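Rule-based calculations on the coordinates, nothing more; no lab input. Every value quoted in this text rests on a predicted model; they were computed, and no experiment measured them. Ideal geometry is used to build each Cβ from the backbone, glycine not excepted, and the neighbour counts take in all protein chains shown.
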Amino acid sequence: MDSLTAIFSMKALLPRTFWTKNINEVSSDDDRDAFYVADLGDILKKHLGWLKAFPGVTPFSAIKYNDSRTIVKTLAAIGTGFDCAGETEIQLVQSLGVPPERIIYANPCKQVSQIKYAANNGVQMITFDSEVELMKVARAHSKAKLVLRTATDDSKAVCRLSVKFGATLKTSRLLLEQAKELNIDIIGVSFHMGSGCTDPETFVPAISDACCVFDMGAEIGFNMYLLDIGGGFPGSEDIKLKFEEVTSVIHPALDKYFPSDLGYVASAFTLAVKIIAKKLVLKEQTRCDDEDESSEQTFMYYVNDGVYGSFNCILYDHKYYSSTAT
Ligand SMILES: *Cc1c(COP(=O)(O)O)cnc(C)c1O
């Protein structure tokens, strides 16, 4: 991918022919590499959908999915917060003028130099899930406002994260006690159901566990006010689980456990690639089930991007692409 062409308009308002014409014009040059076309209007639409579905829940965009300046700038302009995994991401977001209060350093396992970077740049909200991490923060960033990451049952998610991250309830109590002794503030709980969550019901025990940690925190003397419900939400319409199905489970759970009181960029992007080679091959060679049963042969198309480039999400996130020829 050599560049990003951003289009600020609702996809619905732009006929397919506009896209096709635009893509063809930009790619008419034979030397052109694969490139993305982003519909910033799609992101705006998601944002408005989110605000409607979860009034009072501030969305924080995870930079890891898309660190292009155009996208981050758009998200900053519409007012989301940012979920950063380290120094590079914090730097990017701050270079676009986002204030530190709208940044959470949400990587439970951190390099000490990067905790210092957060401290020097005013970023206070940091997640942690173990004693070692608590000690590192106590040493490098005494003014941090910590968020305790709890483990979830993410066995129904496509990308499981609780294998790596999250404290059990028992460990959470110990961590709260230790933080109190170290005079480090804990302001809330964060959890993640795993990306590509397939069963919204899994949010319920995660939210009730968070409520337990809030209660323990109050007992130990913390004033906790932040619940970070992580992610796992469907990001595009071709995913079986609908956003509304997730919200219909989360709402009653939040109402029950937190009575007083949350993937934007997945569908905005269209990747334009050039077909650079074509082969006629026997179907059995491709091991693919083509709908056209009558033919023994099929075409294989080769494009100028691959799994080590834009298609790495096939390997990492188990995604699939739908394609349109222009
Ligand atoms: C990846 C990640 C997110 C976003 O997750 P989605 O499932 O894509 O919504 C949010 N928070 C943290 C800490 C993450 O690692």
* Structure fact -> For segment 147-235, averaging the sequence separation of alpha carbon pairs under 8 Å that lie six or more residues apart and dividing by its residue count, the contact order in percent is 37
* For 308, 301, 65, what ranking results if the residue with the fewest other Cβ atoms within 10 Å of its Cβ goes first? -> 308, 301, 65
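Evaluate the charge dipole of segment 88-151 about its Cα centre and quote only its size in Debye, nearest 20, assuming +1 on the Cβ of each Lys and Arg and -1 on the Cβ of each Asp and Glu.
160
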* **FRET efficiency, residue 281 to residue 307 (Cβ-Cβ, R0 22 Å, nearest 0.05)** => 0.65
* Provide the percentage of antiparallel DSSP beta bridges, counting only those with both residues in segment 64-195; round to the nearest 5. => 5
* To do: Under 20 Å from a label point 7 Å along Cα→Cβ of residue 77: give me every residue in segment 21-48 with its amide N that close.
  => 36-48
* Note the full-extension length gain between residue 21 and residue 163 as 0.36 nm times their separation in residues minus their Cα-Cα distance, in nm to one decimal. => 46.5 nm
* Loop-only check: which trypsin sites (Lys or Arg not before Pro) in segment 142-224 are DSSP coil with at most 14 other Cβ within 10 angstrom? -> 143, 164
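For segment 155-242, which GluC sites (Glu not before Pro) pass both filters: DSSP loop (anything but H, G, I, E, B) and at most 11 other C-beta atoms within 10 Å?
For GluC sites (Glu not before Pro) across segment 155-242 that sit outside H, G, I, E and B with at most 11 neighbouring Cβ atoms in 10 Å, the list reads 237.
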* For a label point 7 angstrom out from the Cα of residue 225 toward its Cβ, which stretches of segment 148-176 have the backbone nitrogen within less than 17 Å? -> 148
* Counting only DSSP beta bridges with both residues in the chain, tell me the antiparallel percent, nearest 5. => 35
* What's the extension gain from residue 153 to residue 109 if we count 0.36 nm per residue and subtract their Cα-Cα distance? -> 13.9 nm
* Structure fact -> Assertion target for 93, 273, 112, 37, ordered by fewest C-beta neighbours within 10 angstrom first, is 112, 37, 273, 93
* So for the pair residue 212, residue 274, with labels modelled 7 Å out along Cα→Cβ, what separation do we get in nm? -> 5.8
* Asked: Measuring from label point to label point, each 7 Å out along Cα→Cβ, what is the residue 52 to residue 295 span in nm?
  -> 4.2
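Working out 0.36 nm times the residue gap between residue 88 and residue 255, then minus their Cα-Cα distance, what length gain in nm do you get to one decimal? Before the final figure, lay out the partial values.
Values: separation 167, 0.36 × 167 = 60.12 nm, distance 3.67 nm.
Taking 0.36 nm per residue and subtracting the Cα distance, the gain is 56.5 nm.
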* Asked: How high is the FRET efficiency between residue 248 and residue 183 when r is their beta carbon distance and R₀ equals 30 Å, given to the nearest 0.05?
  -> 0.10
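Using the structure shown, select from 73/136; 64/240; 156/240; 45/242; 45/164; 242/274 the pairs with a Cα to Cα distance greater than 21 angstrom.
From 73/136; 64/240; 156/240; 45/242; 45/164; 242/274, over 21 Å: 73/136; 64/240; 45/164; 242/274.
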